[in-house]
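Worksheet for the structure shown next.
FYI, it's all coordinate maths here, none of it is from the lab. These figures come from a predicted structure and were not determined experimentally. Note that we place each Cβ from the backbone using ideal geometry, even for glycine, and neighbour counts take in every protein chain shown.
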Amino acid sequence: MPGQELAYAKINLSLDVLGKREDGYHELAMVMETVDLADTLTFLREGEGLRVESQVSFLPTDRSNLAAAAALAFQKATGCNVEPLVIRMDKRIPVCAGTAGGSSDAAAVLRYLNRAMETRLSLAELQTIGETVGSDVPYCVMGGTALAEGRGERLTALPSLPKCAVVLCKPHFSISTGALFSQIDRCKIKRRPDTRGILAALEANDLQGVARRLYNVFEDVLPPRQKRTVENIKNTLVNQGALGAAMTGTGPTVFGLFDSEAAAQAACDELLKYFPSTFLCHTV
């Protein structure tokens, strides 16, 4: 059973909040994309019970970690005993950054256990298990370019985003997801992403058409200081040659899409002067 699995980060090419549902969740419409910034998960069948290890000291190591929760959800769904199991994570995806690091780790656990246990579950079955762990986990199981609706669990595969370089930049602060949702419930959304336009641009293999439509409604409800930082990072990316830039998820990570590797590297180098959690990556 020892082995490894990569857990890839995601970005939101668009994120729209359509309203609050009776179950307390929000109805969302998001165009998602996988990038090759990844955590590496190593699985060891040793010791007792189930535990998670990582170089990030503040991450939980018990069953409250999404990776451990995914292993337990897999066990419950399949009847396969996954213990003893150590999940050793080499974290590269920033934590609390809007890039689905925890959800992607959980999805990697599901993919790995399905292979290691030879359960031969379909992608749809793994997504169903993932839905019990977190709203972003089904997408992270699937990966690629997709439209996510509902809480994020209703997925439609889309034509792939044309290959491009992506610069990710996480500011020094984190943002409360709950606080942003509460704020967006109290205000009228003035601007929404052109989701249909993005879908049409993807169908036409039009990278520039996608890039000029990047938008995330949460950018409008950020606290003033955080909003200025996000806008400054976006401006830096565009000034360095990005075709478009936006915040991903509930932030605070900002990304830019580039059709020039040299321009992407220059933008990355410039932002690294101020923000150590800046990465040059590519679409998957």
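One table, with the values for the structure above:
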{"quantity": "Table column - 3J(HN,Hα) (Hz), region 119-125, Karplus curve with 6.51, -1.76, 1.60, x for Gly and Pro", "calculated": "7, 6, 6, 6, 4, 5, 5"}
{"quantity": "Label point distance in nm, Arg196-His282, each placed 7 Å from Cα along Cα→Cβ", "calculated": "3.5 nm"}
{"quantity": "Residues with amide H under 5 Å from that of Gln240, placed H, sequence gap 5 or more", "calculated": "none"}
{"quantity": "For the chain, built as a Gaussian network whose Cα springs stay under 10 Å, the top-fluctuating residue of Ala242, Ala264, Ala179", "calculated": "Ala179"}
{"quantity": "Residues Asp39, Asp23, Asp90, Asp62, sorted so that the one with the fewest Cβ neighbours within 10 Å comes first", "calculated": "Asp23, Asp62, Asp90, Asp39"}
{"quantity": "Neighbour-count order for Ile11, Ile184, fewest beta carbons within 10 angstrom listed first", "calculated": "Ile184, Ile11"}
{"quantity": "Two-site label geometry, Lys76 and Thr40: point separation in nm, points 7 Å out along Cα→Cβ", "calculated": "3.2 nm"}
{"quantity": "Computed lengthening from His172 to Asp269, 0.36 nm per intervening residue step minus Cα-Cα distance", "calculated": "33.2 nm"}
{"quantity": "Val238, Val210, Val221 arranged by Cβ crowding within 10 Å, fewest neighbours leading", "calculated": "Val238, Val221, Val210"}
{"quantity": "At R0 = 35 Å, FRET efficiency that the Cβ-Cβ distance of Val95 and Glu261 yields, to 0.05", "calculated": "0.80"}
{"quantity": "Placed amide H near Leu37: partners under 5 Å, 5+ positions off or other chain", "calculated": "Ala9, His282"}
{"quantity": "Relative contact order %, the chain, counting alpha carbon pairs below 8 Å whose residues are six or more apart", "calculated": "22 percent"}
{"quantity": "Within the chain, helix-based [θ] at 222 nm, where runs of 4 or more DSSP H residues each add -39,500 (n - 2.57), nearest 500", "calculated": "-10000 deg cm²/dmol"}
{"quantity": "Label-to-label distance, nm, for residues given as Glu27 and Glu118 (7 Å Cα→Cβ offset)", "calculated": "4.6 nm"}
{"quantity": "Calculated SAXS-style log₁₀ I(q)/I(0) at q = 0.11, 0.15, 0.21 Å⁻¹ - region 165-282, Debye, Cα scatterers", "calculated": "-0.37, -0.67, -1.16"}
{"quantity": "Karplus 3J(HN,Hα) series, Hz, for region 2-7 with 6.51 cos²θ - 1.76 cosθ + 1.60 (x for Gly, Pro)", "calculated": "x, x, 9, 8, 8, 10"}
{"quantity": "Listed residues Pro193, Pro84, Pro138, most fluctuating in the chain (Gaussian network, C-alpha, under 10 Å)", "calculated": "Pro84"}
{"quantity": "Amide H within-cut-off set for Asn12, under 5 Å, with H built and near neighbours excluded", "calculated": "Gly249"}
{"quantity": "Using θ = phi - 60° and Karplus 6.51 cos²θ - 1.76 cosθ + 1.60, couplings along region 238-252 (whole Hz; Gly, Pro as x)", "calculated": "5, 5, 8, x, 5, 6, x, 8, 7, 7, 10, x, 8, x, x"}
